[in-house]
Ligand SMILES: Cc1cc2nc3c(=O)[nH]c(=O)nc-3n(C[C@H](O)[C@H](O)[C@H](O)COP(=O)(O)OP(=O)(O)OC[C@H]3O[C@@H](n4cnc5c(N)ncnc54)[C@H](O)[C@@H]3O)c2cc1C
């Protein structure tokens, strides 16, 4: 007798959702597994977060492709659960539901911020440079992205901060083999970046960035390095050794075309205000009694992620609960961890699901995809549709680039399935002014 195998819905096609599909498929070769994704394209922050010049990390997408191509996992793209399909309808029609929806927004500063100052999230910036269809950055009246300016501050010193610094200080001709959005990159860097001051609350020994990420910056011929806020005994601290090897005195900044990147440790933002055309970041430093002021054009926050705008768009994921509902990935880990960490967690969550299912703890026998097919039919982009988009992006890549991402959802749809979505291609894209 064939063992009964459950119907499984996974919401979110980022690394967490895809790894969970992989582990559950291993256990249940014949189970119906469907991955729902709000965008017409899969893989979440692997496509839109991981920096455009880190193609090695993005290559794990080929492994996920095989799930949909060979292992009979269904991709239901362009279906935002909570908007195109009610969560309750989904949850009542699948035996098991896994939430892998990630976190959609930058967390921002806890310090007081004058709303007229220029503060952007690093996640929004890197998403835009990764060709995300929804751009959450300030625009000029002509629709171009507002240039970041010459003097920048980055708050936070994890790996997302390091990606930001690298992308903004690397020579524009050094993005070979990437899929960076060249138009947006040159708009944001329309003015030559002269300095980036990087503020981390922790001492250097506890800074969150990986050494490999720091090394990439230190090896750029286009940067010079400064460091402040070193208060500890630092023998044996590799970060300190590396930074001090590369540290050099600041030049006048006029004749030197390199970007001055200064790492400030034990520096805590107190407030952001406006001074003339610029933004003023005031920080408290453990080495000084009085706060220090930094006048910059743009402040970029790399201080973590959270879910915002969600209520209006898809309802509140916090309300999506039930005996058959599980969570994984950035949603469950509060925006922490690498792609590999999602794999480890997906394995543990899958194991918990399998154990509960085998113990008879989960209600089963829901109808699965057939029950919701009609509801999502007007929207759904299947895996073949994504492959049409993928081929188009690869075929239209500029010389020296591996892909040219389509940044407009209606255009994606018309390429995914021209006979189904052709008419929708006429509407505009999804740029949001902030
Ligand atoms: C800027 C940046 C750089 C990074 N660089 C690296 C790196 O170099 N190396 C590394 O290992 N890790 C990196 N990471 C971390 C990595 O991207 C995350 O660990 C991983 O993407 C989290 O996976 P996830 O599946 O939980 O979430 P996500 O990747 O965010 O995927 C969630 C998916 O769910 C979809 N979704 C959300 N709501 C709904 C809904 N209601 N209905 C349907 N679908 C929905 C979203 O559209 C999205 O596709 C980086 C992260 C960022 C932000």
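Bear in mind these aren't lab numbers, they're just calculated from the coordinates by the rules spelled out. This is a predicted model, so every value here is computed, not measured. Here Cβ is always computed from backbone atoms with ideal geometry, including for glycine, and neighbour counts include all displayed protein chains.
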Point-to-point label distance, residue 365-residue 61, nm (Cα→Cβ direction, 7 Å offset): 4.3 nm
Between residue 295 and residue 210, 0.36 nm times their residue separation minus their Cα-Cα distance comes to what? 27.8 nm
If I stretch the segment between residue 332 and residue 277 completely, what's the gain in nm (0.36 nm per residue apart, minus their alpha carbon distance), one decimal? 15.8 nm
Once you have the Cα-Cα distance between residue 352 and residue 235, take 0.36 nm times their residue separation minus that, and quote the gain in nm to one decimal. 37.7 nm
Just to be sure I understand the curve: with the Debye formula and one point per C-alpha of region 104-178, what is log10 I(q)/I(0) at q = 0.12, 0.24 Å⁻¹? -0.37, -1.51
P(r) for region 135-177, please, calculated from all Cα pair distances in 10 Å bins and given in %. 21, 44, 34, 2
Treat the count of other C-beta atoms within 10 Å as a stand-in for reagent exposure and order 34, 18 from fewest to most. 34, 18
Take the Cα of residue 70, step 7 Å along the line toward its Cβ, and report every residue of region 1-21 whose backbone nitrogen sits under 17 Å from that point. 19, 21
Stokes-Einstein, Kirkwood over Cα pairs, region 63-218, 37 °C, 0.692 mPa s; D in µm²/s equals 174 µm²/s
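Where Rh is the Kirkwood radius over the Cα pairs of region 310-395, the temperature 20 °C and the viscosity 1.002 mPa s, what D in µm²/s does Stokes-Einstein return?
After rounding, the answer is 130 µm²/s.
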Per-selection Kirkwood Rh - the chain (Cα, Å, 1 d.p.): 23.2 Å
Measuring from a point 7 Å past the Cα of residue 313 along Cα-to-C-beta, which residues in region 86-110 have an amide N at less than 13 Å? 101-106
Could you work out how far the C-alpha centroid of region 362-397 sits from that of region 60-92, in angstrom? 6 Å
Rg from C-alpha atoms of region 108-306, normalised by the globular rule of thumb 2.2 N^0.38 Å, equals 0.99
Using only the Cα atoms of region 207-312, each taken as one equal point scatterer with no solvent, compute I(q) by the Debye sum, divide by I(0), and report log10 of the ratio at q = 0.12, 0.13, 0.15 Å⁻¹. -0.55, -0.65, -0.84
MRE, 222 nm, helices only [DSSP H, n ≥ 4, -39500 (n - 2.57), over the chain, to nearest 500]: -9000 deg cm²/dmol
For region 114-157 and region 279-301, compute the distance between their C-alpha centroids and round to whole Å. 19 Å
